[in-house]
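Structure first, then comments.
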Amino acid sequence: MALVTGASRRVGRAIALDLARCGHDLAVHFRSSADAAEEVAALCAPSGVRAVPIPADLTRPEDVAGLFQRIDDEFGRLDVLVNNAAVFRRTPAWDLDLEDLDLHLATNLKAPYLCSVLAARRMRDRGGGCIVNIADVAADRPFRDHVPYCISKAALVMMTRAMAKAYAPVIRVNAVSPGTVLFRPDEDHDLRRRVTARIPRGRIGSPEDVARAVRFLVESPHVTGAVIPVDGGRSLA
Ligand SMILES: NC(=O)c1ccc[n+]([C@@H]2O[C@H](COP(=O)([O-])OP(=O)(O)OC[C@H]3O[C@@H](n4cnc5c(N)ncnc54)[C@H](OP(=O)(O)O)[C@@H]3O)[C@@H](O)[C@H]2O)c1
């Protein structure tokens, strides 16, 4: 049984649907996109798995506790956690403030940290499990107008390695580090062209590319502490 955070839309949706196709029952976590989460759960049905949408604001520890309580009640086990939910706000250098940093750390670091801790205890009690964090190439190659986001993803990569060591041998902890796989509606044609021009493979990736790497990590019993770039070679350029 797998929990995917932020599973209602975009990359999280692709990861959830792919895990469902591989036979995993699913907790389809969402915060505000309830209808989209229902749709993901409905799309899982033909795979013959059980998929339950569960809401939580992951910056609220009491919500996170409630999410795991629901998983205990609905499924009674947890084998896979994918920490996908995140914020990505543009934060120009001269406007930086503590609020930006707090928001990015709360969502992109503290929430995956707390989810991992709560998941790991459950996995340990059942003899094993696997955690996959969704990082970003920006953890190593910072984006100019996204300082708090880059800091949060760099910390998430270190969390991956530190927890892989701490929770071994019982629980495996890995990360996928995507380059651009989906543009945002406010990203204009010129920006899209410039981003694409920096990718050696000549195109952006897709949410399914990320899902495939997550599946590889879930299904690879001897891989732990790995951070897999899924970026068309962007991190080489
Ligand atoms: N998109 C890309 O090209 C790209 C590139 C590199 C890395 N990544 C990483 O890949 C992951 C998915 O990317 P994405 O673009 O699909 O993400 P996204 O659309 O920006 O966000 C994914 C989900 O996170 C949830 N979320 C945000 N804040 C939350 C909170 N406080 N509590 C609970 N849920 C919260 C939202 O759920 P609701 O909609 O339900 O509110 C949202 O649907 C992220 O970790 C991102 O950093 C993405």
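Each reported figure results from applying straightforward, stated rules to the coordinates on display, with no laboratory input. Owing to the predicted nature of the structure, the values given are computational and were not obtained by experimental measurement. All Cβ positions, even for glycine, are placed from backbone atoms using ideal geometry, and neighbour counts span all protein chains on display.
Per-structure values
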{"quantity": "Other-chain or far-sequence residues with amide H under 5 Å of Val4's (modelled H)", "calculated": "Ala27, His29, Val82"}
{"quantity": "Lys/Arg +1, Asp/Glu -1 at C-beta; the chain dipole; positive extreme among Ala119, Ser47, Leu217", "calculated": "Leu217"}
{"quantity": "Environment charge at Pro200 (Cβ cut-off 11 Å; Lys +1, Arg +1, Asp -1, Glu -1)", "calculated": "+3"}
{"quantity": "Estimated translational D of segment 106-168 in µm²/s (Stokes, Kirkwood radius over Cα pairs; 4 °C; 1.567 mPa s)", "calculated": "104"}
{"quantity": "Segment 145-237: C-alpha gyration tensor shape, a/c 1.5 cut-off, then a/b vs b/c", "calculated": "prolate"}
{"quantity": "Compactness index (Cα Rg / 2.2 N^0.38 Å), segment 1-74", "calculated": "0.99"}
{"quantity": "Other-chain or far-sequence residues with amide H under 5 Å of His146's (modelled H)", "calculated": "Thr91"}
{"quantity": "Mean shadow area of segment 1-129 over all directions, Cα convex hull, nm²", "calculated": "8.0"}
{"quantity": "C-alpha center-to-center spacing [segment 158-237, segment 96-142] in angstrom", "calculated": "15"}
{"quantity": "Nearest-20 debye value, segment 2-236 charge dipole, Cβ charges on Lys, Arg, Asp, Glu", "calculated": "840"}
{"quantity": "Cα-based convex hull, segment 75-122, per residue volume (Å³, whole number)", "calculated": "73"}
{"quantity": "Mean projection area, nm², convex hull over Cα of segment 2-236", "calculated": "12.6"}
{"quantity": "Per DSSP, loop GluC sites (Glu not before Pro) in segment 149-237 with at most 16 further Cβ within 10 Å", "calculated": "Glu187, Glu219"}
